[in-house]
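Colleague: Quick one: this structure, given as structure tokens, is what I'll be asking you about.
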């Protein structure tokens, strides 16, 4: 197992926005015990997540997402890169996600 790092992961696919995918990702991150995590839409066909964990845990997260993905979501690619910025705690990120959905 490798050490803790920060990663930017982008799920690219269709449809991927407007179908509850970010909430789905948050639920998995919470289930796996991640403390720092956020998810946001980028355009109409990408969701970016920022996550703090080991690289092994990133791979485990992606594998879990792909094994339980909602039927209507089609993932084309999942690029991963190291990230140097800040990542909010998962509770704050989830509150922001929920409050932003009320605004719509």
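Laboratory data are not the source of any read-out in this text; all were calculated from the coordinates shown. This is a predicted model, so every value here is computed, not measured. Positions of Cβ are generated from backbone atoms using ideal geometry, with glycine treated the same way; all protein chains shown enter the neighbour counts.
Colleague: Kindly state, to the nearest 0.05, the FRET efficiency for residue 2 paired with residue 45, given R0 = 22 Å and r defined as their beta-carbon distance.
Modeller: Values: r = 30 Å, r/R0 = 1.38.
The computed FRET efficiency comes out at 0.10.
Colleague: To continue, here is another question. Using a Gaussian network model of the chain whose springs link C-alpha atoms within less than 10 Å, name the residue from 63, 46, 35 with the highest mean-square fluctuation.
Modeller: Per the Cα network of the chain with a 10 Å cutoff, 63 tops the list.
Colleague: Order of 14, 67 from fewest to most other C-beta atoms within 10 Å? Present the calculation step by step, with values, prior to reporting the outcome.
Modeller: Details: 14 14, 67 7.
Taking fewest neighbouring Cβ atoms as first place, the list is 67, 14.
Colleague: If you average over every viewing direction, what projected area does the convex hull of the Cα atoms of the chain give, in nm²?
Modeller: Working: hull surface 25.5 nm².
With every direction weighted equally, the projected area is 6.4 nm².
Colleague: Using helices alone, what [θ] at 222 nm do you get for the chain, with -39,500 (n - 2.57) per DSSP H run of 4 or more residues, divided over all residues and rounded to the nearest 500?
Modeller: On the way: 3 runs with 39 residues, N = 104.
After summing the helix terms and dividing by residue count, I get -12000 deg cm²/dmol.
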